[in-house]
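Here, each number is a calculation from the coordinates, and none is a lab measurement. These numbers come from a predicted model, not from an experiment. So basically every Cβ, Gly included, is an ideal-geometry build from the backbone, and we count neighbours across all protein chains shown.
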């Protein structure tokens, strides 16, 4: 399934500082050092003094909250937030109320949703060790008892309740380990489970139920540029194509059945560059555009229980705005003023009035809000959570500045620049952070501990949206596919030219970093522009497209082949080997920091280890860190705090000197 286009802090930024370390034999005593925990394995890293940890006190103590679900009867909600090591499900009974923890696990939980109408319990998912083999659980509201209703071995994702509330539909790989078959179950009684649909591929998922609970709307994701929706009989599994056939690649996004069940509200880039909000007639397969004047992507649909109001989000170049449509008149409903930022998890309460969402900005951690959509522009914006900012002063945090530069082919590439305070004189060193995906997008949100680089070290941060990023139209999205992969790397080369032309930035002190695909971009940037960077940090990055495609988990392998190219084709295999950083590791002579989770199902840990070995063989300086209890990025706070200090040490040793 496609990663959501842009969140409060995109994936690469959320893991870019997730760095760990193990000290060499130190000159000082152990009591003067910050020591690693038992799950961290490292090679070639220096000792980190406690004095450094004291300097960052306050920057590591902020937290955020995200909306999970409304209670269907009472005006209260479930949220996700972290008070110990990882995020857990909490209950909040009223705006500004206490956060009461409901799940207690050493691994993160999420995806909570109440059973409709009764609210007698809720479903949630839990991972183990970052391996993403999610299991689904039912928590009974009366007893508090939690039971797992999936098999404990396969990967189980999604989950959408029928309108009656009796059934939950979700997708699971249990049959083959790679195909996302569709199952239906009463989560309070695992014995009721049955398989509705067998499919081929890992891109299938449940989208919605029809109002009469007879039909499932199911998505088939083929690539970022091509998706289809299917209507599946919930009793027989018979399926028919819901979206119109097309000779060209067309993408269909989030969708919900209209109240009459005869049409669906969805988004599509059919006939346009961006995802427009449309009403799709299921009988004729013709659609009507509901946002004709919007030249940005539309996402995050939520329909009120009575079908009278449709909420959606517009991504305006990285900043998101919330809208509500009157489905009868097709006119927009005026809303109260909402702060500028990134918006997620939009959901109506069953009362049809209260609309909840998560909101993040540069000066505010992610928090949960709601509005009464019937109150008009004078209505009240209610804040349900007020997450702790640690020792950070919101007013002192840097606001992002949108920047643009011309790449090798004359195409304009954009990004966001965070400048340090003016109290730092002279040209400032720069950290370039490249998002993952690759079909993701950097959207400016809360930087959290990253503000230390700005406020205390005077380092500027630049987050580019190179070609292949979502949010800029389907043509831009496809500009890095297959043979065009290195064109996105050239966008970074052009960014270096832009940095060199800025009097306020120091072209001789630039570091590049990124996670996942951003990790590949980091390694590729170093093999192409080694002399122009001072150092680099690769987090869970691809070092060889061939070995990556051969070893990534089976349920996602074919989906990645569409994006990167099929390594089984001799000509493509030769091309992938040619451009892979592993092939060109001998070009890297500047200090490298490589970070990896041992349980990563997306980019296997072998991608990191083979790159470390290649750099060492060529005599290059490299730090390597492996977390035995993490996957595709680090989620546990003790690991995150550790890696943040190690990152500071790396920056001080190799970027600032």
Problem set entry | Nearest 10 degrees, 0 to 90: helix 485-500 Cα axis against the chain principal axis | 60 degrees
Problem set entry | Rounded to 5, percent antiparallel among DSSP beta bridges of the chain | 85 percent
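What ranking of 637, 402 emerges when the number of other C-beta atoms within 10 Å of each C-beta is taken as an exposure proxy, fewest first? Please report the intermediate quantities before stating the final value.
Working: 637 17, 402 12.
Fewest-to-most Cβ neighbours within 10 Å comes out as 402, 637.
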Problem set entry | Between 0 and 90°, nearest 10: helix 637-654 axis offset from the chain longest Cα axis | 40 degrees
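State whether region 300-408 is rounded, prolate or oblate according to the following rule on the C-alpha gyration tensor (a ≥ b ≥ c being the square roots of its eigenvalues): a/c under 1.5 gives rounded; otherwise a/b larger than b/c gives prolate, and the remaining case gives oblate.
Details: a/c = 2.53, a/b = 1.45, b/c = 1.75.
Judged from the Cα gyration tensor, region 300-408 comes out oblate (a/c at least 1.5, b/c at or above a/b).
I'd like the projected area of the chain, averaged over all directions, using the convex hull of its alpha carbons. Report it in nm² with one decimal.
Values: hull surface 112.0 nm².
Projected over every direction and averaged, the Cα hull of the chain covers 28.0 nm².
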Exercise. What is the spin-label model distance, in nm, from residue 321 to residue 475 if the labels are put 7 Å beyond Cα along the C-beta direction?
Worked result: 2.4 nm
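State the three equivalent ellipsoid semi-axes of region 471-553, derived from the C-alpha gyration tensor as the square roots of 5 times its eigenvalues, in descending order and whole Å.
Listed largest to smallest, the semi-axes of region 471-553 are 25, 17, 10 Å.
Could you calculate the contour length gain from residue 571 to residue 617, that is, 0.36 nm times the residue separation minus the distance between their Cα atoms, to one decimal place in nm? If you can, show how the numbers build up before the last one.
On the way: separation 46, 0.36 × 46 = 16.56 nm, distance 2.82 nm.
Contour length minus Cα-Cα distance gives 13.7 nm.
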For this session: May I ask you to compute the full-extension gain from residue 37 to residue 176, defined as 0.36 nm times their residue separation minus their alpha-carbon distance, rounded to one decimal in nm?
Result: 46.4 nm
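Can you tell me what share of the DSSP beta bridges in region 528-657 is antiparallel? A percent to the nearest 5 is fine.
Details: 1 of 11 bridges.
Among the beta bridges of region 528-657, antiparallel pairing accounts for roughly 10 percent.
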Exercise. Shape call for region 141-212 from the C-alpha gyration tensor, a ≥ b ≥ c root eigenvalues: rounded (a/c under 1.5), prolate (a/b greater than b/c) or oblate?
Worked result: oblate
Problem set entry | Value of [θ]222 nm, deg cm²/dmol, for the chain, DSSP H segments ≥ 4, -39500 (n - 2.57) each, nearest 500 | -5000 deg cm²/dmol
Seminar exercise, completed: Taking 568, 383, 108 and counting other beta carbon atoms within 10 angstrom, the fewest-first order is 568, 383, 108
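Could you check what % of the DSSP bridge pairs in region 390-506 are antiparallel, to the nearest 5? Don't skip to the end; give the middle numbers.
Working: 11 of 15 bridges.
Around 75 percent of the beta bridges assigned by DSSP in region 390-506 are antiparallel ones.
I need to check one value: relative contact order of the chain, counting alpha carbon pairs closer than 8 Å and at least 6 residues apart, in percent.
RCO, the chain: 15 percent.
By the gyration tensor of its Cα atoms, with a ≥ b ≥ c the square roots of the eigenvalues, what is the shape of region 533-657: rounded for a/c under 1.5, prolate for a/b over b/c, or oblate? Provide the component values of the computation, followed by the final result.
Numbers: a/c = 2.64, a/b = 1.37, b/c = 1.93.
Oblate, because a/c is 1.5 or more while a/b does not exceed b/c.
If neighbour count is taken as other Cβ atoms inside 10 Å, put 492, 338 in order from fewest to most. Can you show the working numbers first?
On the way: 492 24, 338 15.
Ascending number of Cβ neighbours within 10 Å: 338, 492.
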